[in-house]
Each structure stands twice: as C-alpha cells, then as structure tokens.
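A short worksheet on the structure shown next.
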Amino acid sequence: MIACRQLPPLRWSVATSQITDDQGRAQIDAVMRASRVLVSVVARSLAEVEDVVTLPQFRVLVMIASDGPQNLGSVAAALGVHPSNATRLCERLVVAGLVDRGDDPQDRRFLRLVLTDEGHRLVERVMQHRRTAIETVMAQMAPSRRRTVAAALEAFATAAGEVPRIEESYLLGLED
C-alpha cells in the first residue's frame, strides 16, 4: 500500500461502473497502465530496504515522518491491527534503532514514537529512489506533457480524497 496512515474513505462504489463509453474505458486503461509503472517504482524502492524493515514497519516509519510523533493506538488504527501487534512491530523498530519510544509529554499514559536520525535517513533513501525513478521517466517526456501529467495526477489524487500536505511535500522533496 502506498499510504501509511489510514486510507481516506472511498467516495465511490467499486462495484459499479459509471464510465461506459469506449473513450472512457480507454482512459481507464491508460491510468491502469500508468499505475503499474508507479507500483513498480514503489516495489523497487522498498526492495532496497527489505533486509532492514518489512512493509508494515516501513508504513509506520512513513506515518511518523509524515504526521509527526505517534502513539501505539494511532499506529494500530492506521495499520488496522490489534494494539498488541502494533506494540511488537514498533518494538522491532526501536530495537533496530529506527524509532525512539518515550513518554508523551501531553499525556504520560501514552508512549510517543519518534523517528531517530537513522529512521529519517531510511525513509529519505526510499523516497529519493522513488523520486529519481519517476524523474527518469518524466525526463523522457516533453515539458508540456510533464505539466499535463502532473496536473492530471493532482486532479486524480484530489478526486480520490488525497489532500496534499506541506510536510509530505517536503518529505518527498517536492518543496524546499
């Protein structure tokens, strides 16, 4: 999965097709083809760190990097797992030196999870791999096509309920 936090609720029914004309189906096929490329980019970037973290562990690292310090309850909810599973998963990240765990200054009943410098470097390494792979593909396109693709993907993400966030843009290297 791409997102580390809980996915936004779907604003459409997956069971029904609202686009029935040939041109619309061809557009859907084009998006499906592009999604295979993007999934390949994500898979290859994660393969670089598969000896260090599992996919659920990486999701937690990105969630903390994107959303800031987390508690175990929020991690469990985002992953859709029982809190005891989230505890074990996060403990492995602590042992690996990727996450620090401490008391939450807002509420000492909760533990606060923050990325270590090594955890930040790991997330940045994966995101840089993705950025470089996407840049390599986009460099083969004319500037006008790149603008069109970027605008179309922004519209697609917005239609799906994905809201751009400054922290995420910065993390992904999209803003200085």
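Here are a few things to note about the model shown:
- Here is the figure for the stretch 29-82: residues that are under 19 Å from residue 99 (Cβ atoms) and not in a loop (DSSP other than H, G, I, E, B) total 23.
- Test set (1) touching a strand residue (DSSP E or B) at 6+ places or on another chain (Cβ under 6 Å); (2) outside any helix (DSSP H, G or I) - residue 97 fails condition number: (1)
- Some residue of the stretch 8-27 being among the β-branched types (Val, Ile, Thr), at pLDDT 90 or above and under 30 Å from residue 148 (Cα atoms): no
- The set of residues in the stretch 61-91 being free of Cβ contacts under 8 Å to residues at least 60 places away in the same chain, within 15 Å of residue 116 (Cα to Cα) and either touching a Gly at 6+ places or on another chain (Cβ under 8 Å) or surrounded by fewer than 15 Cβ atoms within 10 Å (Cβ to Cβ) (or both) consists of 64, 91.
- Output for the stretch 56-94, where each listed residue is closer than 12 Å to residue 123 by Cβ and not small (Gly, Ala, Ser): 57, 58, 59, 60, 61, 62, 63, 64, 93
- Within the stretch 102-148, the set of residues being surrounded by 16 or more Cβ atoms within 10 Å (Cβ to Cβ), of a type in the set (D, E, K, R) and more than 23 Å from residue 38 (Cα to Cα) comprises 112 only.
The values are calculated or read from the model by the stated rules, or taken from the named source; none is laboratory data. The structure presented is a predicted model; accordingly, all values stated were derived computationally and were not measured. Virtual Cβ from ideal backbone geometry, glycine too; neighbours counted across all protein chains shown.
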